[in-house]
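**Student:** Please find one structure pasted underneath; my questions will follow.
The values are calculated or read from the model by the stated rules, or taken from the named source; none is laboratory data. Values in this document were obtained by computation on a predicted structure and should not be read as measured data. Heads up, the Cβs are rebuilt from the backbone with ideal geometry, glycines too, and the neighbour counts pull from every protein chain shown. With ligands, DNA and RNA removed, areas are computed over all heavy atoms of the protein, side chains included. Shrake-Rupley method; radii C 1.70, N 1.55, O 1.52, S 1.80 Å.
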Amino acid sequence: MSALVTPQDAVAAMRRKIDQKWPESVSAELGVGDHVVFSVPLRPGVTTGKAVEQLGHAAWHQWHMQWRDFSDQLPTGVGLVRKPVTIRGVAGDFPATLVADLDGADRLTTDTHTGAESPSVDLGRARSLARALRSAGATLTPATLRAVYRLQDADVEVLINAVTWLHQHPDASTWTLRQLPVPGMHTKWLDTHGALLRDVAGRDVRDEVRPRLTVMHLTYVDPHHAASGRRRHDAWTTGDVHEIAYQPRVVLVVENRDSRLWFPPVSDTIVVEGGGKAAAALLANVPWIRAADYVIYWGDIDADGYAILDQFRATLAQPAPDGAPAKRVISILMEATDLHRYSQHGVNHDKAGRLIKPSPEPLPHLTDAETTAYNTIATAGPTPFRRIEQEAIPLAHAAARLLQILEERR
């Protein structure tokens with residue numbers, strides 16, 4: 001901003017200040033924080049006749065005339081603070097600061113005659129949201145108000161319902177996240193807005209609820225076990241008394257049921273159905289998975305498959321809550337060479353016929369070869385295909401690759 005601020009530039013600056021400080025101002029109206037005054041200096045550093053001479057009397061006169069004309073148009077709630085300057089021995093009061101309350105600043109910046117872009121906030125909606133938060137007993141701060149303002153109206157309604165419900169239920173430990181009887185709430189809403197709910201409610205219901213037990217489906221592929229005639233397919237639940245048939249040396253996590261059910265025999269191995277994006281949360285703390293010598297992941301060659309691998313690998317790279325050590329996760333059939341080898345199975349549409357979209361998400365836990373494959377299928381630019389489904393790759397190939405990986409690591 002130059003030393004002499006024109007009316008148009010001052011209005012633009014006022015708009016920026018509204019965007020920055022409206023949450024503080026609206027909150028202060030309800031007793032949260034101090035009253036906010038919106039102000040824009042109009043001649044910073046120009047306080048003496050010498051400074052005016054350095055700018056030039058013509059420029060000073062033109063600026064002064066602009067403000068003399070503009071001051072007659074100022075709306076209610078906006079004022080012009082004048083301060084004296086002595087020029088050539090003559091003292092006079094000249095515009096120094098443009099000041100406004102929130103409504104005045106809003107009126108000033110929405111005046112079409114100024115040519116300024118209007119503020120990005122609807123003050124009526126902002127005030128309504130602030131009152132709703134206070135009425136529900138929520139914690140009102142400028143930060144929470146700004147965050148709530150960004151929500152769609154339907155999400156605001158769920159948030160208010162959740163705050164109200166939490167006040168009525170000081171103990172949420174008898175429900176799981178999926179069971180919370182909050183009107184309009186579902187687990188995906190809580191995944192997205194759980195932190196905001198924590199901030200406005202003063203409680204993190206995600207830490208209070210009853211944990212959902214891990215239930216996984218698995219297949220025993222050890223040939224000696226198969227020869228015993230005992231069951232080949234099983235389910236395991238956290239905390240149950242049931243034990244798996246044998247402690248595996250190798251755990252192979254797959255994403256598709258057919259790949260689990262019909263996987264060929266491999267000694268000392270159990271094949272686990274991963275559960276898609278929930279794989280990391282479901283499997284990371286299962287004791288016998290952590291105890292295996294090798295944990296191997298095989299998923300679809302698509303953006304979701306690599307995202308699951310990235311999260312699964314990152315989660316198992318940390319020690320488990322029960323003290324079980326970190327575990328390295330290896331992948332099979334998900335490198336760049338696999339992308340080219342099975343390219344005849346590549347598709348660009350999902351099962352509903354919709355185009356598969358690219359993914360901009362960075363996945364820092366992939367290997368170089370996995371990253372090359374991921375970048376190839378997830379790029380926003382042209383690519384031959386975006387997905388190779390796991391079921392399209394022969395299970396015999398997967399078993400052979402698994403055995404190769406194990407042989408290389410002996």
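**Student:** Hey, can you tell me all the residues within region 9-41 that are of a type in the set (Ser, Thr, Tyr) and under 26 Å from the mean Cα position of the chain (by Cα)?
**Tutor:** To start, the set of residues in region 9-41 that are of a type in the set (Ser, Thr, Tyr) comprises 25, 27, 39.
Once the filter is applied, which keeps residues that are of a type in the set (Ser, Thr, Tyr) and under 26 Å from the mean Cα position of the chain (by Cα), region 9-41 yields only Ser27.
**Student:** For the structure I just gave you, tell me whether Leu108 is part of a helix (DSSP H, G or I), closer than 30 Å to Thr141 by Cβ and open to solvent by less than 20 Å² (accessible area, probe 1.4 Å). I'd like the intermediate steps shown before the answer.
**Tutor:** Numbers: part of a helix (DSSP H, G or I): yes; closer than 30 Å to Thr141 by Cβ: yes; open to solvent by less than 20 Å² (accessible area, probe 1.4 Å): yes.
Considered against the rule, which asks whether it is part of a helix (DSSP H, G or I), closer than 30 Å to Thr141 by Cβ and open to solvent by less than 20 Å² (accessible area, probe 1.4 Å), Leu108 comes out as yes.
**Student:** Of all residues in region 265-287, which are out of contact with any strand residue (DSSP E or B) (no Cβ under 8 Å at 6 or more places or on another chain), surrounded by 15 or more Cβ atoms within 10 Å (Cβ to Cβ) and part of a loop (DSSP other than H, G, I, E, B)?
**Tutor:** Scanning region 265-287 gives Ala284, Asn285.
**Student:** Out of the residues in region 73-85 that are of a type outside the set (A, V, I, L, M) and open to solvent by 40 Å² or more (accessible area, probe 1.4 Å), which is nearest to the chain's Cα centre (by Cα)? Talk me through it step by step, then tell me what you get.
**Tutor:** Let us first name the residues in region 73-85 that are of a type outside the set (A, V, I, L, M), namely 73, 75-77, 79, 82-84.
Retained after the next criterion (residues that are open to solvent by 40 Å² or more (accessible area, probe 1.4 Å)): 73, 76, 82-84.
On the way: Gln73: 44, Thr76: 41, Arg82: 47, Lys83: 48, Pro84: 52 Å.
Here the residue is Thr76.
**Student:** So if I check each of Ala278, Ala291, which one is without any contact (Cβ under 8 Å) to a residue 24 or more places away in the chain and among the small types (Gly, Ala, Ser)?
**Tutor:** Values: Ala291 fails: without any contact (Cβ under 8 Å) to a residue 24 or more places away in the chain.
Only one candidate passes the filter, namely Ala278.
**Student:** Could you please let me know if Ala314 is free of Cβ contacts under 8 Å to residues at least 60 places away in the same chain and open to solvent by less than 10 Å² (accessible area, probe 1.4 Å)? Walk me through it before giving the result.
**Tutor:** Numbers: free of Cβ contacts under 8 Å to residues at least 60 places away in the same chain: yes; open to solvent by less than 10 Å² (accessible area, probe 1.4 Å): no.
For Ala314, the condition - free of Cβ contacts under 8 Å to residues at least 60 places away in the same chain and open to solvent by less than 10 Å² (accessible area, probe 1.4 Å) - is not met.
Matching residues to (1) more than 23 Å from Ser259 (Cα to Cα); (2) in contact (Cβ under 8 Å) with a residue 12 or more places away in the chain; (3) surrounded by 16 or more Cβ atoms within 10 Å (Cβ to Cβ):
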position	(1), (2), (3)
Asp368	yes, no, no
Ala373	no, yes, yes
Ala378	yes, yes, yes
Phe385	no, yes, yes
Gln390	no, yes, yes
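**Student:** Condition first: more than 25 Å from the chain's Cα centre (by Cα) and under 16 Å from Arg206 (Cα atoms). Now tell me which residues in region 143-170 satisfy that. If you could, list the steps in order and put the result at the bottom.
**Tutor:** Step one: of region 143-170, the residues more than 25 Å from the chain's Cα centre (by Cα) are 167-170.
Within region 143-170, His167, His169, Pro170 meet the criteria.
**Student:** Consider Ala162 against the criteria (1) outside any helix (DSSP H, G or I); (2) modelled with pLDDT of 95 or more; (3) among the aliphatic types (A, V, I, L, M): it satisfies all of them except one. Which criterion is unmet?
**Tutor:** (1)
**Student:** Let me ask another. Taking region 46-63 only, how many residues are of a type outside the set (S, T, N, Q) and either within 17 Å of Arg82 (Cβ to Cβ) or modelled with pLDDT of 95 or more (or both)?
**Tutor:** To start, the set of residues in region 46-63 that are of a type outside the set (S, T, N, Q) comprises 46, 49-53, 55-61, 63.
Restricting the remaining residues to those that are either within 17 Å of Arg82 (Cβ to Cβ) or modelled with pLDDT of 95 or more (or both) gives 46, 49, 51-52, 60-61, 63.
Looking only at that region, the number is 7.
**Student:** Of all residues in region 384-410, count the ones that are over 16 Å from Tyr297 (Cβ atoms) and assigned to a strand (DSSP E or B).
**Tutor:** 1
**Student:** While we're here: Within region 86-98, restricting attention to residues that are touching a helix residue (DSSP H, G or I) at 6+ places or on another chain (Cβ under 9 Å), under 13 Å from Pro44 (Cα atoms) and of a type in the set (A, V, I, L, M, F, W, C), which residue is surrounded by the most Cβ atoms within 10 Å (Cβ to Cβ)?
**Tutor:** Ranking the qualifying residues of region 86-98, first place goes to Leu98.
**Student:** Name the helices (runs of 4 or more DSSP H) wholly inside region 1-72 in which the number of residues that are buried (at least 19 other Cβ atoms within 10 Å of the Cβ) is 2 or more. Give the derivation first.
**Tutor:** Numbers: elements: 7-29, 49-55, 57-71.
In region 1-72, 7-29, 57-71 are the helices (runs of 4 or more DSSP H) which contain 2 or more residues that are buried (at least 19 other Cβ atoms within 10 Å of the Cβ).
**Student:** Now for a separate question. Would a scan of region 332-355 turn up a residue that is part of a strand (DSSP E or B), among the β-branched types (Val, Ile, Thr) and open to solvent by less than 50 Å² (accessible area, probe 1.4 Å)? It would help to see each step written out before you state the result.
**Tutor:** Keep residues of region 332-355 that are part of a strand (DSSP E or B), which gives 347, 349, 355.
Now restrict to residues that are among the β-branched types (Val, Ile, Thr): 347.
In the following step, the residues that additionally are open to solvent by less than 50 Å² (accessible area, probe 1.4 Å) were identified as none.
No, the conditions are met nowhere in region 332-355.
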